[in-house]
Amino acid sequence: MTPPPSSPGVVIEPTRPSRRRWLRIVSGILVTVVAAASLGVAALQLGLPWQLGEGDRNHVYEGDAGSQRYQVHLPPQHDGTVRLPVVLAIHGCAMTGYGWNSMKSTTQFNRLADREGFIVVYPTQLISRNVIACWNSSDPREQQRHTGEPALLAGVARQVVEEYDADPARVHVAGASSGAGTAVILAATYPDVFATVTSVAGGEYGLNQVDPDDPDATSPLDTARQAWAQMGERARRVPLLVIQGERDEVVPPLVATRLVTHWTAVGDLVDDGLPNDSLDLTEETVSVPAEAGRHPYTHVTVTAPDGSSVVEAYRVQDMGHAWPGPDGDGRYTDHAGPDASAIAWEFAERHPMR
C-alpha cells in the first residue's frame with residue numbers, strides 16, 4: 001500500500017527516549033550507588049545498631065575543632081552513687097573504635113570494665129580525615145592544644161565526665177600505634193585532663209621530626225623540650241606506660257626506647273625546667289621467662305622518690321605490631337603476650353591525678 005502523504009507543514013520524527021529522562025535515570029543510579037557505599041563504610045566504621053551491647057551508648061561530640069563520634073561503655077557499677085574512672089581507648093591505623101576490627105574487640109576493655117568498675121570510651125577516626133583511619137599524630141597541626149584531634153579527643157573526655165558524672169581526677173588514655181602517638185600528644189597538650197597515658201606500639205611527641213635513617217640527629221631531649229613547652233602552665237608529671245613488641249616491623253623497638261628516654265626527660269623538665277636529673281629516679285628491671293604458649297618479656301620501672309611511676313615499660317620478645325592479651329579479637333592482637341588491657345588498667349588505678 002502507498003503510505004498517506006504527510007499533512008502540510010507537519011514534520012514526523014522517529015520516537016526516542018528523552019535525554020533528560022536518561023540523565024535522571026543515570027543520576028538516580030549514581031546516587032543509589034554512592035548512598036549504598038556510604039552506608040557500607042558507615043557500617044564498617046561505626047558498627048550496626050544491633051551490635052550495641054548492654055551498657056553501650058553512641059555519641060557525637062561537637063566543638064570548635066569539629067565533631068567526633070565515639071561509643072561509651074557503662075559498667076554495671078554506674079548507678080549514680082559513685083564517680084567512676086574513665087579510660088579513653090584510641091585505635092590504630094586500619095582499625096575503628098567500635099566498628100570493624102575495632103579497639104573495642106581488640107582490647108576487650110568492656111569485659112574488664114564490667115569487672116573492675118570503670119567507663120570505657122572508644123572514639124573512631126573517619127576516612128574523611130585519614131583514608132586508612134589513622135590518627136594523624138605525625139602531623140604538627142595535630143600536636144597542639146585547642147586545635148585538631150587533641151581538642152576533639154579532650155572534648156570527648158570532658159563530655160563523658162560531665163554527662164556520666166565520672167571522676168575528673170581519674171581520666172586515662174590508652175592508644176595503639178598511631179592512636180598511641182595521639183595518646184602521648186594528649187598527655188602533653190592536656191595534662192590537666194588525663195591522669196595517665198598508655199602507649200602500645202607508639203612513639204614520642206614530635207616523632208615525625210626523627211629521621212629513621214639518622215635518629216640521633218634529633219635527640220629525645222629535643223622532642224621532650226617541645227612536649228614540656230606544650231604543657232605550659234599546666235605542666236605536671238603524667239605517668240606513662242609503654243608496651244612494645246621486640247619483633248615489631250611497623251614501629252621498631254628503637255621507637256619505644258626513645259619514648260622511655262623522651263618521657264623521662266619530660267618529667268625532669270617539669271620538675272625544675274632543667275634537664276639535670278633532679279628527680280633522683282630509681283630504675284628496676286624484672287624479667288619474666290616464657291611459659292607454655294606465652295612470650296617472655298621484661299618490665300622496667302622508672303620511679304620517683306615518692307613511689308610514683310614516671311615511666312613503666314614492657315618489652316615483649318617474639319611479638320610484632322600488636323595489642324597483646326589472651327582474649328583480644330582483631331587483626332592486630334597477640335594472644336601469647338601479656339594482658340595489655342589489664343596492665344593498663346592496673347597502672348591507671350595506681351596513678352590518679354594529684
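Key figures for this structure:
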{"read-out": "Hits in the range 137-156 - residues which are without any contact (Cβ under 8 Å) to a residue 60 or more places away in the chain and farther than 23 Å from Val86 by Cβ", "value": "Arg141"}
{"read-out": "Filter result for the condition that a residue is of a type outside the set (Asp, Glu), out of contact with any strand residue (DSSP E or B) (no Cβ under 7 Å at 6 or more places or on another chain) and surrounded by 13 or more Cβ atoms within 10 Å (Cβ to Cβ), over His321, His335, His351", "value": "His335"}
{"read-out": "Every residue from the range 169-213 that is among the charged types (D, E, K, R) and surrounded by fewer than 24 Cβ atoms within 10 Å (Cβ to Cβ)", "value": "Arg170, Asp192, Asp211, Asp213"}
{"read-out": "Check on Phe118, closer than 21 Å to Leu152 by Cβ and of a type outside the set (A, V, I, L, M)", "value": "no"}
{"read-out": "Residues (in contact with a helix residue (DSSP H, G or I) (Cβ under 7 Å, 6 or more places away or on another chain), in a loop (DSSP other than H, G, I, E, B) and surrounded by fewer than 22 Cβ atoms within 10 Å (Cβ to Cβ)) located in the range 238-262", "value": "Glu246"}
{"read-out": "Residue in the range 79-86 that is more than 27 Å from Gln230 (Cβ to Cβ), of a type in the set (Gly, Ala, Ser) and surrounded by fewer than 24 Cβ atoms within 10 Å (Cβ to Cβ) present", "value": "yes"}
{"read-out": "Unmet criterion (only one of (1) under 18 Å from Arg69 (Cβ atoms); (2) aliphatic (A, V, I, L, M); (3) modelled with pLDDT of 95 or more) for Val184", "value": "(1)"}
{"read-out": "Pair list, Cβ < 7 Å and 6+ apart or interchain, from the range 79-90 residues that are on the phi < 0 side of the Ramachandran plot to residues that are surrounded by fewer than 16 Cβ atoms within 10 Å (Cβ to Cβ)", "value": "Arg83/Asp165; Leu84/Gln77; Leu84/Gly117"}
{"read-out": "Contacts under 7 angstrom Cβ, first residue in the range 283-298 being at positive phi and touching a residue at least 24 places away in the same chain (Cβ under 8 Å), partner outside any strand (DSSP E or B) and surrounded by 10 or more Cβ atoms within 10 Å (Cβ to Cβ), 6 or more apart", "value": "Gly293/Ala336"}
{"read-out": "Residue match in the range 304-313 (condition: out of contact with any Ser or Thr (no Cβ under 7 Å at 6 or more places or on another chain) and closer than 29 Å to Met95 by Cα)", "value": "yes"}
{"read-out": "Count - residues of the range 67-82 that are within 12 Å of Ala113 (Cβ to Cβ) and either touching an Asp or Glu at 6+ places or on another chain (Cβ under 6 Å) or assigned to a loop (DSSP other than H, G, I, E, B) (or both)", "value": "6"}
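The values are calculated or read from the model by the stated rules, or taken from the named source; none is laboratory data. As the structure is a computational prediction, the values presented were derived from the model and not from experiment. Here Cβ is always computed from backbone atoms with ideal geometry, including for glycine, and neighbour counts include all displayed protein chains.
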